[in-house]
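Chemist: This is the structure, below, for whatever I ask next.
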Amino acid sequence: MKKIAIIGGGIIGMTLANYLDTDKFEISLFDDEKNQATKASAGIISPWLSKRRNQKWYQLAKDGAAFFEKLKTDFDLTDEVYEKCGTLFLRKNSDLEELEKLALERRKNAPEMGEIKVLSKEETVSLFPLLKPSESLYLSGGARLDGKAYLAHLKKRSQARGVKFFAERATILKADEKWEIVHQGESDVVDDLVLCPGPALKELLSEIGVDVDVRPQKGQLLSFKTDFDTKDWPVLFLEGAADIIPFQEGEILIGATHENEKGWDLSESEAAFFDLTEGIKPYFSESKLIEFPYHYRVGTRAYSADFSPFFGPHPAFSSLAFASALGSSGLTTGPYIAYLLAQYFNHPETKWDYSIYQKDINTYLK
Ligand SMILES: Cc1cc2nc3c(=O)[nH]c(=O)nc-3n(C[C@H](O)[C@H](O)[C@H](O)COP(=O)(O)OP(=O)(O)OC[C@H]3O[C@@H](n4cnc5c(N)ncnc54)[C@H](O)[C@@H]3O)c2cc1C
């Protein structure tokens, strides 16, 4: 039996702990829970109509969204954790036809987008009663994931599989052909090591003399506790404004900010409240939603110079793999990346090629 350690217990680390083969590996997971993007996230799984032109990212996000069908079955995800609630796109100017054309084109390679339909004013309001009557584009395949609930669910499952958890910060050393994990004065030697610590990958890799291009980005969102019956309400993409993500039991999120210059800062700011709530007002018939009690969620995303995620084994050490820079779509891509990393370790005889999803990993290493 080989020993493997995972550092980082966000969506990647926790999913990986559930896909690694326990007949082959004794698994330990280290997570200091300091800056978890996954717990703070908004939860949108709907990448298909993104304006990003990066084809490799799109392929990864598209396959990541499609992978949720398997994830839901493999891990028995309930509607509280993951639900295909659909997504609604609203526009200030009437360019819904263009958007519909793009959606129909993209669906040829992404049947999981489901039904695509331009909704009348009445149909829009019947799906999301707080909106001003206006036409919208509906995709039935859009979904939302509760990041926090997902982690809690997967932690329980992995504990049942014998994964050992350490709620501690870990550092690493190279120990001949193996890896030494140092945590709270103790040290463990493992055969294989996976680093998925978000932006802290830079600090961790520097401990073994590797420089990587990854940076922290602050993200804030607002969580409103309303008395609306939000069950099955779709996610809203509002042109030029924040996104709206309804969860069950009346919780509605408005988010999120992208603050590159604020890095690791986790403070709540009034400016964020203003930015997130002002833009949405023209789309709603009354400002009732933002009058409910709310709290902030603040997290730190990781991003790279070209805003692309990267993952896989280190080119010089086959026993070391990492994943980071998932940016603002990491809930969508994270589980699939974790699955691919699990396959890499579970089946070392197979040669894996990730070039449809990312540039050469050396692009991000110095
Ligand atoms: C406000 C916000 C909204 C978002 N909304 C969406 C969305 O709607 N849809 C979407 O797809 N994505 C969204 N994202 C992005 C997504 O949440 C992230 O890309 C994804 O969760 C990153 O997962 P991860 O596993 O890489 O890292 P994380 O979730 O950050 O987990 C990494 C963990 O490693 C720990 N760690 C770091 N260093 C060490 C160490 N040395 N020892 C032990 N532990 C360590 C950290 O403390 C952290 O707990 C959002 C993010 C934010 C912040």
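Chemist: Dipole magnitude of the chain about its Cα centre, charges +1 at Lys/Arg Cβ and -1 at Asp/Glu Cβ only, in debye to the nearest 20? Present the calculation step by step, with values, prior to reporting the outcome.
Modeler: On the way: 45 positive and 56 negative charges, 100 e Å.
So the dipole magnitude of the chain works out to roughly 480 debye.
Chemist: Give the residue from N18, A61, T73 lying farthest towards the positive end of the charge dipole for region 1-89; charges sit on Cβ (+1 for Lys and Arg, -1 for Asp and Glu) and the dipole is referred to the Cα centre.
Modeler: Going by the charge dipole, the pick is A61.
Chemist: Now for a different question. Grab the DSSP H runs of the chain that are 4 residues or longer, score each as -39,500 (n - 2.57), total them, divide by all residues and round the 222 nm result to the nearest 500 deg cm²/dmol. Could you put the intermediate results ahead of the total?
Modeler: Values: 9 runs with 98 residues, N = 366.
Computed ellipticity for the chain at 222 nm equals -8000 deg cm²/dmol.
Chemist: Once each part is reduced to its C-alpha centroid, what is the distance from region 150-172 to region 84-110 in angstrom?
Modeler: Here the answer is 39 Å between Cα centres.
Chemist: Could you tell me which of N109, S28, A143 has its Cα farthest along the dipole of region 5-161 towards the positive end, charges placed at Cβ (Lys, Arg +1; Asp, Glu -1), taken about the Cα centre?
Modeler: Farthest along the dipole direction, towards plus: N109.
Chemist: Could you quote the convex hull projected area for the chain, Cα atoms only and averaged over all directions, in nm²? Kindly include the intermediate steps, with their values, before the conclusion.
Modeler: Details: hull surface 71.8 nm².
That works out to 18.0 nm².
Chemist: On to the next question. Please list 9-18, 119-128 highest first by mean number of surrounding beta-carbon atoms within 10 Å per residue.
Modeler: Working: 9-18: 27.7, 119-128: 15.7.
Order by mean packing, descending: 9-18, 119-128.
Chemist: Please list, or write none, the lysines whose alpha carbon is within less than 16 Å of the alpha carbon of K218, excluding same-chain residues fewer than 8 places away.
Modeler: Output for K218: K34, K39, K262.
Chemist: Taking the Cβ of S308 as the centre, find all other residues whose Cβ is under 14 Å away and add up their charges (Lys, Arg: +1; Asp, Glu: -1).
Modeler: Numbers: positive: R52, R53, K56, R215, R301, K359; negative: D213, D306, D360.
Summing Lys and Arg as +1 and Asp and Glu as -1 gives +3.
Chemist: Any chance you could tell me what percent of the C-alpha pair distances in region 197-314 go past 26 Å?
Modeler: Numbers: 2335 of 6903 pairs.
When every Cα pair of region 197-314 is considered, 34 percent fall beyond 26 Å.
Chemist: With +1 on each Lys and Arg Cβ and -1 on each Asp and Glu Cβ, how big is the dipole of region 34-109 about its Cα centre, in debye rounded to the nearest 20?
Modeler: Details: 16 positive and 12 negative charges, 103 e Å.
With only Lys, Arg, Asp and Glu charged at Cβ, the dipole is about 500 debye.
Chemist: Rounding to the nearest 20 debye, state how big the charge dipole of region 200-291 is about its Cα centre with +1 on each Lys and Arg Cβ and -1 on each Asp and Glu Cβ.
Modeler: Details: 8 positive and 20 negative charges, 13 e Å.
Around 60 debye, computed over region 200-291.
Chemist: Sorting check: for 31-38, 101-108, 135-142, which peptide has the highest mean count of neighbouring beta carbons within 10 Å, and how do the rest follow? Walk me through the intermediate numbers first.
Modeler: Values: 31-38: 19.4, 101-108: 13.9, 135-142: 22.0.
Per-residue mean Cβ counts within 10 Å order the peptides as 135-142, 31-38, 101-108.
Chemist: Please turn the phi angles of region 104-116 into ³J(HN,Hα) values with the Karplus equation 6.51 cos²θ - 1.76 cosθ + 1.60 (θ = phi - 60°), one per residue in order, whole Hz, x for glycine and proline.
Modeler: Each residue's phi maps through the Karplus curve to give 5, 5, 5, 5, 4, 10, 9, x, 5, 5, x, 6, 10 Hz.
Chemist: Express the accessible area of the chain per residue in Å², computed with a 1.4 Å probe while the remaining protein chains stay in the model.
Modeler: Working: 16200 Å² over 366 residues.
Here the residues of the chain average 44 Å² of exposed surface.
Chemist: Just grab the label-to-label distance for E122 and K2, each label 7 Å out from Cα along the Cβ direction, in nm (one decimal).
Modeler: Label at E122, label at K2, 6.2 nm between them.
Chemist: Moving on to the next point. Cross-link partners among lysines for K92, C-alpha distance below 17 Å, same-chain residues fewer than 8 apart left out?
Modeler: Within the straight-line limit of under 17 Å, K92 reaches these lysines: K51, K121, K132, K281.
Chemist: How do the peptides 273-279, 178-184 rank, highest first, by the average count of neighbouring beta carbon atoms within 10 Å per residue?
Modeler: Details: 273-279: 15.4, 178-184: 17.3.
Taking the mean over residues of other Cβ atoms within 10 Å, the ranking is 178-184, 273-279.
Chemist: Let me ask another. Ignoring ligands, DNA and RNA, what percent of the accessible area of the chain is carbon or sulfur (1.4 Å)?
Modeler: Numbers: 8030 of 16200 Å².
The C+S portion of the solvent-accessible surface of the chain is 50 percent.
The values are calculated or read from the model by the stated rules, or taken from the named source; none is laboratory data. Quick caveat: nothing in here was measured; it's all calculated off a predicted structure. Glycine gets a Cβ as well: all are built from the backbone with ideal geometry, and neighbour counts include every protein chain shown. Just the protein is used for accessible areas: all its heavy atoms, side chains included, with ligands, DNA and RNA removed. Shrake-Rupley method; radii C 1.70, N 1.55, O 1.52, S 1.80 Å.
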